[in-house]
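Worksheet for the structure shown next.
The values are calculated or read from the model by the stated rules, or taken from the named source; none is laboratory data. Computed from a predicted structure; not experimentally measured. Positions of Cβ are generated from backbone atoms using ideal geometry, with glycine treated the same way; all protein chains shown enter the neighbour counts. Note: areas computed on protein heavy atoms with side chains; ligands, DNA, RNA excluded. Shrake-Rupley method; radii C 1.70, N 1.55, O 1.52, S 1.80 Å.
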Amino acid sequence: MADESLKETAKHLLNGVIWLSRYFNLRNRQGLIGEDYVKLLDPSSTWIDKRAAIDDGTLIFPNVTIRGAAVIGKNCVLDVNSVVEWSTLKNNIYIGPFAHIKRTSIGNNSRLPHRCYIADAEIGKDVNIGSCVDTGNFDGMDKNKTIIKDGAFVGIQVKFIAQPGGLVIGKEARIFPGQTVPINIPDHAFVTPKIKDGIVREHVKENRSFKIPGHWKWFKTKEPADPYNMKILFN
């Protein structure tokens with residue numbers, strides 16, 4: 001009988017905690033809703049921490065969770081089932097479905113769509129992060145930082161492995177899909193997959209750098225070049 005009583009008491013206490021959390025979350029959401037303020041498509045399924053700050057024009061889809069003292073700027077979009085924890089998003093940022101953003105700052109006009117996991121990172125402005133991109137940052141002792149500078153383009157399924165001291169992806173670097181990146185990438189560099197004939201199928205801007213995985217060596221062009229005539233770079 002004592003055990004049953006204890007179980008009933010625990011059940012009621014748990015229900016009370018759940019009810020209180022729902023009440024406070026509802027009260028917090030009601031303070032955000034406004035014609036010119038934050039737009040919640042489904043307030044009943046949206047969880048927003050009372051410590052969060054969200055600016056005008058931001059659109060929040062169903063099943064979004066915002067935890068901790070997150071700061072979200074103007075005209076952002078948080079798509080379905082995304083999670084933002086203890087992060088700072090500036091203006092005009094798109095966070096895609098099932099994306100998880102944790103302890104990260106993101107600059108203006110950047111896009112992080114589709115199932116990516118970005119933690120302990122600093123993302124610049126005008127950055128595109130492809131789907132299924134992850135930052136691996138825990139080395140067993142510390143959580144190392146990943147910095148992706150302005151204008152970088154990251155293809156799908158790229159894995160960043162931040163070493164002690166951090167990982168830096170340069171300004172306007174382009175990371176081709178499917179790469180694992182454990183070293184710093186220079187500004188304006190292309191990180192390419194292995195291609196059978198060793199030729200990068202891209203028109204190349206002046207002073208662009210190239211790297212073929214397996215070589216870990218950088219090659220630079222002195223002037224704009226036709227990629228079909230660039231085989232000499234990879235011999």
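Some values worked out for this structure:
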| item | result |
| --- | --- |
| Complete set of residues in segment 56-70 that are under 14 Å from residue 94 (Cα atoms), open to solvent by 10 Å² or more (accessible area, probe 1.4 Å) and not aromatic (Phe, Trp, Tyr) | 57, 59 |
| Residue ID - farthest from residue 127 (Cα to Cα), chosen from residues in segment 167-178 that are open to solvent by 20 Å² or more (accessible area, probe 1.4 Å) and of a type outside the set (Lys, Arg) | 178 |
| Any chance residue 35 is at pLDDT below 95, farther than 29 Å from residue 126 by Cβ and assigned to a loop (DSSP other than H, G, I, E, B) | yes |
| Residue 122, sole failed condition from (1) within 14 Å of residue 182 (Cβ to Cβ); (2) under 13 Å from the mean Cα position of the chain (by Cα) | (1) |
| Failed condition for residue 140, given (1) outside any loop (DSSP other than H, G, I, E, B); (2) more than 18 Å from residue 176 (Cβ to Cβ) | (1) |
| Which numbered condition residue 151 misses (of (1) farther than 24 Å from residue 192 by Cα; (2) open to solvent by less than 50 Å² (accessible area, probe 1.4 Å)) | (1) |
| Hits in segment 85-117 - residues which are out of contact with any Lys or Arg (no Cβ under 7 Å at 6 or more places or on another chain), open to solvent by less than 10 Å² (accessible area, probe 1.4 Å) and under 22 Å from residue 143 (Cα atoms) | 89, 101, 104, 112, 116 |
| Filter result (open to solvent by 50 Å² or more (accessible area, probe 1.4 Å) and either modelled with pLDDT of 85 or more or assigned to a loop (DSSP other than H, G, I, E, B) (or both)) within segment 43-52 | 47, 50, 51 |
| Options 75, 81; residue that is within 25 Å of residue 131 (Cβ to Cβ) and open to solvent by 60 Å² or more (accessible area, probe 1.4 Å) | 75 |
